[in-house]
1. At 7 Å along Cα-to-Cβ for each site, give me the label-to-label distance between residue 111 and residue 70 in nm.
2. R0 = 25 Å: FRET efficiency of residue 58 with residue 119, Cβ-based, nearest 0.05?
3. May I ask for the angle, rounded to the nearest 10°, between helix 17-28 and the longest principal axis of the chain, with both axes built from Cα atoms and the value confined to 0 to 90°?
4. What relative contact order, as a whole-number percentage, does the chain give when Cα pairs under 8 Å and 6 or more residues apart are counted?
5. Once every DSSP H run of n ≥ 4 in the chain is given -39500 (n - 2.57) and the sum is divided by its residues, what mean residue ellipticity at 222 nm do you get, rounded to the nearest 500 deg cm²/dmol?
6. At a 10 Å Cβ-Cβ cut-off, how would you order 116, 69, fewest neighbours first?
7. Counting every Cα pair in the range 9-53, what percent are over 17 Å apart?
8. Taking the Cα atoms only, what angle lies between the long axis of helix 58-68 and the longest principal axis of the chain, rounded to 10 degrees?
């Protein structure tokens with residue numbers, strides 16, 4: 001039985017192209033793509049990190065897939081908003097006062113009351129009409 005050597009990030013930096021190709025095949029269970037040694041090193045290092053610490057979470061993968069399907073015309077559409085999990089707490093500081101909203105199954109809880117929308121809560125806090133998801137930082141702030 002061949003002896004397996006433990007691969008570290010330091011070791012990857014010193015590997016030959018043949019060793020990198022071998023490590024890629026071992027880590028990804030597929031032949032190494034025709035990439036530069038530096039890109040192979042980055043891919044192997046990522047895979048080591050992923051195996052040790054865990055990969056990208058499912059919701060992030062979904063957002064990345066949505067972005068990847070868009071045409072390369074320089075205009076990116078915002079990915080679909082992430083679904084808020086029941087029990088999640090949104091916190092916003094407004095004029096040095098902290099405000100906390102809890103996501104419920106059928107709405108939101110704020111200040112001891114149940115609300116149907118974040119926009120209504122944002123209006124109650126700010127005194128003016130604004131986007132509730134934007135107010136709580138759930139949308140792209142550049143818009």
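Laboratory data are not the source of any read-out in this text; all were calculated from the coordinates shown. Bear in mind the structure is a predicted one, so any value in this text is a computation, not a measurement. Using ideal geometry, Cβ is built from the backbone for each residue, glycine included, and neighbour counts are taken over all protein chains shown.
1. About 3.6 nm, to one decimal.
2. On the way: r = 28 Å, r/R0 = 1.12.
For residue 58 and residue 119, the calculated efficiency is 0.35.
3. The angle comes out at about 50 degrees.
4. On the way: 123 pairs, mean separation 15.0, N = 143.
This gives 10 percent for the chain.
5. Numbers: 6 runs with 58 residues, N = 143.
Helix contribution divided over all residues of the chain: -12000 deg cm²/dmol.
6. Numbers: 116 10, 69 7.
Lowest to highest Cβ neighbour count: 69, 116.
7. Details: 187 of 990 pairs.
Percent of Cα pairs beyond 17 Å in the range 9-53: 19.
8. 80
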